Every structure is written in C-alpha cells, then in structure tokens.
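Structure first, then comments.
The values are calculated or read from the model by the stated rules, or taken from the named source; none is laboratory data. The structure displayed is predicted, hence computed values, not measured ones. Positions of Cβ are backbone-derived with ideal geometry, glycine not excepted, and every protein chain shown enters the neighbour counts. Ligands, DNA and RNA are stripped out before the accessible areas are found, and what is left, the full protein with its side chains, is counted by its heavy atoms. Shrake-Rupley method; radii C 1.70, N 1.55, O 1.52, S 1.80 Å.
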Amino acid sequence: MKLCIAEKPSVAKEIAEILGAKSRKDGYFEGNGYCVSWTFGHLCTLKEPNDYTEKWKSWNLENLPMIPSKFGIKLINDGGVKKQFKVIERLVHSCDEVINCGDAGQEGELIQRWVLAKAGNRKPLKRLWISSLTEEAIKDGFSKLRNGNDFDRLYAAGSSRAIGDWMLGMNATRLYTLKYGRNRQVLSIGRVQTPTLAMIVQRQNEIEAFVPEDFYEIATVYRDTVFACTKGRFKQVDKAQSIIDTIKEAPFTVISFETKEGKELPPQLYDLTSLQVECNKLFGFSADETLKYTQSLYEKKLVTYPRVDTRYLSNDIYPKVKGILSKLSYYQSLCSPLLSKKIRKSKKVFDDKKVTDHHAIIPTGVGGGATGPEQKVYDTITRRFIAVFYPDCTISNTTVMGDAAGVEFKATGKQILDPGWRVVYGYNPDDLGNQDVMPNFVEGESGPHEPELQKKKTSPPKHYTEATLLRAMETAGKQVDDDDLRELMKDNGIGRPSTRANIIETLFRRKYIAKQKKRIVATDTGKQLIGLIHNDLLKSPELTGQWERKLRDIERGDYSVQAFKKELMDMVNRLVHEVKFDIHLYQNRIRLSDFSCPKCKEGKILTGKSAYGCSNYKNGCDFVIPYTIKGVKIQPKHMKQLLENGKTDTMSELQGKSFVLSEGFGLEIG
C-alpha cells in the first residue's frame with residue numbers, strides 16, 4: 001500500500017479521486033492500492049524552552065542565552081491535531097511507501113518532514129511536485145514522482161529558518177522584555193519583523209523631522225506648450241526673478257525638435273510580491289488578503305502555485321500556452337488575435353535560468369468558481385498572462401529644446417501610435433486620433449512667450465503603504481524601481497514572498513504599526529521598541545537580507561546548515577552579552593542630537609550612513625566626521641567627547657594618542 005499525505009483535506013480529496021481511492025475512512029481515503037491522508041498545515045512545531053529544561057520555564061536574564069544542544073519537535077497541543085497524527089502514524093507504519101503530496105514549497109516540505117519524523121517513518125519516500133491542482137497536473141505529477149531525498153536541501157533550509165527564528169526570537173524577546181520592559185509588557189523581537197518595523201520607524205522619523213523649504217522653478221508657455229527651465233530649482237527668489245526679468249522681453253526660439261519612435265514592452269508576469277503590490281494599488285487589498293485570495297484560486301484549480309518569487313516561465317510551458325488561452329472563454333475577444341498566429345516567445349517571459357521550483361503565477365485555463373475579491377485577483381493574473389503575448393506598445397517620444405536670452409528650456413511629450421498590449425487593459429485604438437499631441441515645431445522658429453515664476457515647497461518622504469513596504473522588504477530597504485535590478489536583489493530580501501504578508505500582519509496584531517487609510521505608521525510602542533535596540537543585526541534590513549541569502553544558499557547546497565547554526569549561536573551569544581553587560585541603558589544612552597554643530601553653531605549633530613554630520617547641511621554647513629578614520633572607529637561616546645572637550649580619550653589603536661577636533665573642524669591625532 002502507498003500512503004499519500006496532502007497538506008489539506010480538500011487537496012487529499014482531489015488526489016484520492018484521481019487515484020481511485022474512493023472509500024472514505026476516518027482521517028483518510030482508501031482504494032486502488034493507495035491511502036490518502038492529510039495534515040491541517042502544521043501538526044508539529046519546535047519544542048518550547050521549558051520542554052528542554054525546567055529552568056527555562058521562568059523568564060530570567062541569568063538563564064539567557066537559551067541554546068538547546070539539539071532541537072526537537074512536538075505535536076501542537078490540539079485534540080484534532082493529535083487525532084489526525086495518530087491516523088498518519090498508524091498508516092506510516094503499515095504502508096510500503098510514502099508519497100509526500102504537501103504544498104510544493106519550503107514551508108510545505110517542512111510541514112510534511114516534521115510529521116514524518118515524529119511518526120518515525122523509515123519507509124521509502126517519494127515526492128509529488130506540481131505547480132497546479134488541475135487533474136492534468138496531478139496525473140502528470142504522479143507519472144513523474146521524484147525521490148524524496150531530492151528535496152533534502154529544501155527541508156534543511158526550512159528547518160534552519162525555523163531554528164533561526166526560534167533562537168533569535170525566543171532569546172531576544174526575553175532579553176529585551178526583562179531588560180527594558182515595563183509593567184509586564186512583552187517586547188516581541190523577530191528576525192524579520194524587527195528590521196521591517198525599523199524601516200517603518202526610520203521613515204516616520206524622517207517625515208516627522210522634515211522641515212519644508214521653499215524653492216522656485218521657472219517655466220514658460222510658448223504655442224500652448226509648457227517649457228521647463230533646465231537650470232532646475234532655485235533657493236533664492238531674487239535669483240530666479242532676475243532670470244524672469246531677463247527673458248520676459250526676449251523672444252523664445254526653438255533650438256531643436258526631435259521625435260523618436262519607441263517601444264514599451266508588456267509588463268512582466270506576476271510573482272507573489274508583485275501581485276500583492278498590484279492588488280494593494282488597484283483594490284486596496286492587504287498583502288495577507290491577496291495571498292488568501294490567490295491561495296483559494298489555486299485550490300479551486302484556477303491559477304498555478306502562488307507562493308513563488310519568479311516572474312518567468314520555463315520553456316516547457318510554451319507549448320501549453322495556446323491551450324490555456326483557448327480555454328479562457330470570458331477573455332476570448334482578447335485571446336482570439338493571439339490564437340490565429342504563432343504565439344510570441346520572449347526572453348522576458350521564458351527563461352529556464354530564472355525559474356527554480358515553480359514558475360510565475362498564471363491561469364490554468366480551468367474556468368468558474370471565482371467571485372467577489374477573488375475574481376478581481378483572477379482577472380489581474382489573467383490579463384497579465386494574456387498581455388505578455390501581445391505586441392509591444394509603439395510610442396512617439398518628442399523632445400523640444402528652446403532658448404530665451406541665453407536661458408535654456410525643455411519640453412517633452414509622448415504619443416501612443418499603436419497600443420499593442422495596452423488593448424488588454426482597455427485602451428481603445430479608436431481614441432488614438434483624439435489624444436493631446438504636442439504641436440510640430442520648426443528649428444529656428446521664434447515668437448513671444450509667457451514666463452512664470454513657480455513657488456513650491458520640498459516634500460517629505462512618503463509613508464509606506466503595503467505596496468511600497470513589500471517592495472522595500474523585497475530589496476532589503478533599498479529604493480529600487482528597475483525590474484531587472486530588483487530581480488537580482490531578491491535573494492537578499494527580507495523574508496520570503498510567502499511570509500512577508502504574515503510579518504506585516506504580526507506587526508499590526510502586536511500594535512507596533514497601524515494603518516491610516518493606505519498609509520502605514522509606527523505606533524508609539526513600535527517607535528519605543530526600535531529606540532531600545534542598539535544592535536544593528538536585529539534591525540538592519542540589509543544584514544537580515546544577507547541572512548536570507550544564506551538560507552537560500554543552504555537550499556541550493558552552497559552553504560552548510562552547521563555554518564549557519566554556528567553563526568546564529570555566535571550572534572545570539574554576542575547579543576545577550578551586549579545587552580546584559582554593556583551597557584547602553586536606554587535611559588542613559590548617548591543622544592548626539594542634543595549637541596549643536598561646533599562649526600555653524602546652528603545645526604544639530606546627525607548620524608548618517610557613514611559619518612556624523614550637521615543637520616544644517618542643506619544650508620551649506622559642511623561639518624562631517626567619518627565613522628572610521630585610519631582604521632579606527634569613532635564610537636558615539638568618542639563623538640560626545642569631541643563635542644564636549646575637543647578631544648577623545650587616549651585610544652589603544654592610536655598607541656596611546658587621541659583624536660583632536662581641529663580649528664578647521666576636521667580631526668587631528670594628538
């Protein structure tokens with residue numbers, strides 16, 4: 001007898017029907033030489049601290065760090081879970097072979113392996129690995145069952161992730177709660193949630209500290225076209241006004257008029273993050289809602305596996321494209337032009353090197369079953385799939401350069417000549433002739449114009465929305481708009497596509513962040529928590545992204561589990577030591593922002609990415625002290641000494657000498 005274990009009862013039922021296991025038993029289906037059972041997601045979890053030793057039951061600084069010599073798993077304390085596990089355990093011992101039919105991803109592998117480990121499985125293990133739950137995909141998957149050992153590295157990565165989260169979360173949460181908690185408040189720290197919160201807090205601090213400044217821009221209108229002065233912004237109104245006075249009586253002359261035809265490629269297919277971003281922008285869905293709707297569509301066989309981080313298809317999908325398009329009956333008016341000719345094949349869509357375990361999210365061609373919000377997500381996925389096979393959009397880009405009394409101006413315009421893929425999104429080709437088109441200009445033509453001085457204010461950074469926060473998590477806090485560059489950075493992102501939504505929801509649930517319409521803001525509790533944490537490893541998106549990369553390297557076989565665990569243990573030991581014995585007590589920590597700049601006397605001292613500086617830098621103050629000089633790190637305490645006394649204590653790295661703040665406000669070695 002072969003035992004199949006699915007992740008959910010609904011999926012088990014589908015598999016059982018296809019395999020002919022039609023006899024329903026208590027906790028499984030049976031028939032045709034198969035038993036098909038299921039989990040309910042996680043049946044097992046890592047043991048809690050008190051499961052290892054009684055002394056870890058109480059929260060005590062002296063018991064930290066808690067690092068088990070060997071990690072263990074246990075059943076979740078739930079009656080239904082225990083009952084279903086007993087069924088699986090009995091079937092494991094009576095079967096001849098186990099087929100892991102869990103969700104085809106890292107978390108799905110972990111769920112199944114823990115259950116099988118707890119059940120003491122010693123039987124041969126096979127793996128069903130499929131990207132959709134259609135009957136065709138399931139049958140094809142069973143005809144190509146893979147050896148369970150092929151996924152050992154995937155399990156190792158998932159297990160390392162869980163252990164890493166346990167070690168850091170359990171120790172750091174107790175550490176900071178015991179050290180800084182007030183009124184029994186638990187300060188929850190997490191490997192991914194804390195740097196995510198730190199990004200939100202940092203953005204909010206930047207917004208709250210922002211002081212708007214006036215600036216001026218010059219524009220002029222010639223032949224009903226607005227031209228912008230290429231000199232850019234002016235801080236002083238009198239300088240801008242003098243230019244206005246100079247050009248207002250002078251004629252405007254066209255220097256050049258250039259029109260180039262260009263192409264706009266169709267947007268790429270969706271991975272989970274880009275789909276969550278799009279649905280947040282279009283419909284206001286949270287990341288968690290989009291994941292739930294897409295998971296439901298997957299279980300209804302309407303779309304392929306959702307928890308993916310690639311936007312490409314493998315080449316073996318190409319022969320199936322026409323078949324999928326032909327089955328999308330609701331979209332036949334859009335699909336018909338594609339079906340009548342050879343399907344376009346682009347490297348932006350098909351690239352085996354960019355596909356690992358699964359391809360991008362696409363419709364399966366199965367129809368029906370989606371309503372309400374699910375239908376909106378399905379429509380978003382399906383239109384994108386259709387659009388990538390349409391021709392490029394053809395555009396006309398126009399650039400006009402002009403001059404008035406030696407002052408240069410520029411105007412640009414774009415016209416859609418052939419909408420191509422934009423038709424899929426409702427662009428009407430009949431509207432092409434009704435667009436606002438820039439007039440034709442002739443080089444050398446000249447005439448009167450209407451210059452204008454525009455007063456504006458600088459704008460603060462924008463609050464995160466779920467869409468922009470997801471992008472920031474994907475790129476470890478870096479602002480990246482280019483799709484290709486963002487693709488290269490995915491390995492260093494914070495969390496995985498499947499976990500980011502849950503991280504954001506956890507921050508909401510713990511009241512560290514709140515939502516104001518679409519804006520995400522840090523609460524006072526969230527800001528206070530980040531203010532307590534001085535260890536960069538805990539709150540740096542970039543450093544956390546590097547840890548994520550190591551987990552992916554474990555999955556690829558390029559990094560060892562032992563090395564990851566050792567690095568993790570070293571980090572936890574160092575963290576506990578720093579917080580217990582350092583000690584940057586929160587109430588006594590150094591606040592350099594309390595000090596005035598020694599050079600301009602007006603600004604306050606800021607800590608930047610690589611140096612200390614003056615908050616008055618926008619007005620010309622160039623006071624800067626790098627964090628590291630001649631290989632010696634200038635700590636905040638040293639900076640405090642420089643600001644108070646003009647010199648630091650003697651430093652061993654300088655062989656008994658000290659840094660001295662010079663009259664030119666640089667550093668000398670004294």
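For residue 8, the aspartates and glutamates whose Cα comes closer than 13 Å to its Cα, not counting residues fewer than 8 places off in the same chain, are 103, 299. Over the chain, dividing the summed -39,500 (n - 2.57) contributions of all DSSP H runs of at least 4 residues by the number of residues returns a 222 nm mean residue ellipticity of -12000 deg cm²/dmol.
Note: relative contact order over the range 8-78, using C-alpha pairs below 8 Å and six or more positions apart, is 25 percent.
Near residue 597, the amide H atoms lying under 5 Å from its own belong to 602, 603, 604, 605; only residues 5 or more places off or on other chains count, and H is placed 1.01 Å from N. Taking all protein chains as they are arranged and a probe of 1.4 Å, the heavy atoms of residue 316 leave approximately 100 Å² accessible to solvent. Which lysines have a Cα less than 16 Å from the Cα of residue 455, not counting those fewer than 8 places away in the same chain? The qualifying lysines are 231, 235, 239.
Residues 142, 350 ordered from highest to lowest accessible area at a 1.4 Å probe: 142, 350.
If the convex hull of the alpha-carbon atoms of the range 189-260 is projected onto planes in all directions, what is the mean projected area in square nanometres?
Working: hull surface 38.8 nm².
Its Cα hull, projected and averaged over all orientations, spans 9.7 nm².
Can you give the FRET efficiency to the nearest 0.05 for residue 342 and residue 230, using r as the Cβ-Cβ distance and R₀ = 45 Å? Before the final figure, lay out the partial values.
Details: r = 46 Å, r/R0 = 1.03.
Given R0 = 45 Å and the Cβ-Cβ separation, E is 0.45.
For the range 1-53, what Kirkwood radius comes out of the mean inverse Cα-Cα distance, in Å? Present the calculation step by step, with values, prior to reporting the outcome.
Values: mean 1/r = 0.0829 Å⁻¹.
Kirkwood hydrodynamic radius for the range 1-53: 12.1 Å.
For the range 73-173, the equivalent ellipsoid derived from the alpha-carbon gyration tensor has semi-axes of 25, 19, 13 Å in decreasing order. The phi-based Karplus calculation (6.51 cos²θ - 1.76 cosθ + 1.60; θ = phi - 60°) puts the 3J(HN,Hα) values of the range 270-286 at 8, 9, 5, 5, 5, 5, 5, 4, 5, 6, 5, 5, 7, 10, x, 5, 6 Hz, whole numbers, x for Gly and Pro.
List the pairs from 462/550; 179/637; 70/511; 260/320 whose alpha-carbon separation is above 29 Å, in the order I gave them. 462/550; 70/511; 260/320, as the Cα separations exceed 29 Å there. Think of a 1.4 Å ball rolled over the protein heavy atoms: the chain then has 49 Å² of accessible area per residue.
Roughly speaking, to the nearest percent, how much of the range 172-287's 1.4 Å accessible area is carbon and sulfur? Mind dumping the intermediate values first?
Details: 2680 of 5520 Å².
Whole-percent figure for carbon plus sulfur exposure: 49.
These residues, 449, 577, go from largest to smallest accessible area, 1.4 Å probe, as 577, 449. Distant-in-sequence amide contacts of residue 310, defined by a placed amide H-H separation under 5 Å and a gap of 5 or more residues or a different chain, comprise 272.
Go from 0 up to the bin containing the longest alpha carbon distance in the range 312-458, width 5 Å each, and give me the % of pairs per bin. Bins of 5 Å from zero give 2, 7, 13, 14, 13, 11, 9, 8, 6, 7, 6, 4, 1, 0 percent of pairs. In terms of distances greater than 22 angstrom between alpha carbons, the cross-link table entries 13/327; 410/456; 2/144; 281/515; 86/118; 322/347 yield 13/327. If you bin all the Cα-Cα distances of the range 116-221 at 10 Å, starting from zero, the percentages per bin are 11, 19, 20, 17, 16, 11, 6, 1, 0.
The region of the chain that goes longest without hitting one of the GluC sites (Glu not before Pro) in a DSSP loop, each with at most 12 other Cβ atoms within 10 Å, is 1-212.
Excluding same-chain neighbours fewer than eight residues apart, the aspartates and glutamates reachable from residue 478 by a Cα-Cα span under 20 Å are 206, 271, 278, 309, 466, 487, 491, 536, 542, 548. A Förster distance of 35 Å, applied to the separation of the beta-carbon atoms of residue 662 and residue 618, puts the FRET efficiency at 0.90.
Projected onto planes of every orientation and averaged, the convex hull of the alpha-carbon atoms in the range 159-299 covers 18.3 nm².
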